[in-house]
1. Hey, does the stretch 198-212 have a residue that's modelled with pLDDT of 95 or more, surrounded by 15 or more Cβ atoms within 10 Å (Cβ to Cβ) and in a loop (DSSP other than H, G, I, E, B)?
2. If a residue has to be under 18 Å from residue 218 (Cα atoms), near the ligand (Cβ under 7 Å from one of its atoms) and under 25 Å from the mean Cα position of the chain (by Cα) to count, how many in the stretch 162-180 make the cut?
3. Out of the residues in the stretch 150-161 that are more than 21 Å from the chain's Cα centre (by Cα) and part of a loop (DSSP other than H, G, I, E, B), which is farthest from residue 200 (Cα to Cα)?
4. From the set of residues in the stretch 54-82 that are surrounded by 12 or more Cβ atoms within 10 Å (Cβ to Cβ) and within 23 Å of the chain's Cα centre (by Cα), which is nearest to residue 189 (Cα to Cα)?
5. Say whether the condition of being touching a residue at least 40 places away in the same chain (Cβ under 8 Å) and near the ligand (Cβ under 9 Å from one of its atoms) is met by at least one residue in the stretch 142-154.
6. If you go through the stretch 95-102 one residue at a time, do you hit one that is assigned to a loop (DSSP other than H, G, I, E, B) and either touching a residue at least 12 places away in the same chain (Cβ under 8 Å) or not assigned by TED's automatic domain parsing to the domain that holds residue 168 (or both)?
7. Quick check on my filter: what residues within the stretch 103-132 are assigned to a loop (DSSP other than H, G, I, E, B) and within 12 Å of the ligand (Cβ to nearest atom)?
8. If residue 138 passes every condition in (1) part of a loop (DSSP other than H, G, I, E, B); (2) within 25 Å of the chain's Cα centre (by Cα); (3) within 10 Å of the ligand (Cβ to nearest atom) but one, which one does it miss?
Ligand code: HEC
């Protein structure tokens, strides 16, 4: 065997092991050091992302202050509202709840087939787990054998909630109540009305009344879409 050949083979092996360690070590972040980036602009977008600050000093050509001025949300033009924005002025306080309950009587949307369908879909996703698919407060989370939720969800079929104004329901949906979280960030205003209409239709079922796009014999607070004044 040629001794020189063995040595160079060993040397190569040693070299590759050392460089392997060096390579791995270069990726190790130190205490507060993220390590080195190869071509930083590939990880950090140069573009302005809408409503999101992704400022990265090596990759933006303006100061952070200017960057934020361009990238962050702007207020609507004075005297205007953005589409879908809520024209609901009652604040998330007990006083706001009381005022909404007393003042917000008429539903802002008529009862339509489509709205009831959407309301049912949304109710079953967001509310039925606690309030039950029938709206009677017997959802899966509060079931008798093994329910875990500590508080009793409202039973919408009680007279107390049948007589509750639309404003009272709307406020609870938008902001929540006590341990119930608000759904203002999940349901837009139209969807909240769809859900309210659907809850009303569940109440009507219990009372043997009709609450549909054709007729509303449950209350005077929502107009059926196919309502004709000749009736
Ligand atoms: C995690 C369980 C939970 C979910 C999910 C939930 N609720 Fe509730 N809800 C409650 C509880 C508990 C109460 C009773 C709150 C209280 O009075 O302290 C309540 C109360 C209410 C009330 C009555 C408020 C009042 O004025 O007394 C309404 C209306 C209501 N919920 C609507 C909804 C709707 C609509 C959804 C779905 C968008 C929903 N809730 C989802 C638990 C839940």
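1. Within the stretch 198-212, one or more residues are modelled with pLDDT of 95 or more, surrounded by 15 or more Cβ atoms within 10 Å (Cβ to Cβ) and in a loop (DSSP other than H, G, I, E, B).
2. 2
3. First, the residues of the stretch 150-161 that are more than 21 Å from the chain's Cα centre (by Cα): 150-152, 154-161.
Remaining after also requiring part of a loop (DSSP other than H, G, I, E, B): 150-152, 154-158.
Working: 150: 26, 151: 23, 152: 20, 154: 14, 155: 12, 156: 8, 157: 9, 158: 12 Å.
The extreme case among them is 150.
4. Filtering first and then ranking leaves 72.
5. Scanning the stretch 142-154 turns up no residue that is touching a residue at least 40 places away in the same chain (Cβ under 8 Å) and near the ligand (Cβ under 9 Å from one of its atoms).
6. If we filter the stretch 95-102 for residues that are assigned to a loop (DSSP other than H, G, I, E, B), which is where we start, we get none.
For the stretch 95-102, residues assigned to a loop (DSSP other than H, G, I, E, B) and either touching a residue at least 12 places away in the same chain (Cβ under 8 Å) or not assigned by TED's automatic domain parsing to the domain that holds residue 168 (or both): absent.
7. To start, the set of residues in the stretch 103-132 that are assigned to a loop (DSSP other than H, G, I, E, B) comprises 104-110, 112, 127, 132.
Once the filter is applied, which keeps residues that are assigned to a loop (DSSP other than H, G, I, E, B) and within 12 Å of the ligand (Cβ to nearest atom), the stretch 103-132 yields 127, 132.
8. With respect to (1) part of a loop (DSSP other than H, G, I, E, B); (2) within 25 Å of the chain's Cα centre (by Cα); (3) within 10 Å of the ligand (Cβ to nearest atom), residue 138 is out only on (3).
The values are calculated or read from the model by the stated rules, or taken from the named source; none is laboratory data. Worth saying up front: this structure is predicted, and the values here are computed from it rather than measured. Please note: Cβ atoms are built from the backbone with ideal geometry, for glycine as well, and neighbour counts cover all protein chains shown.
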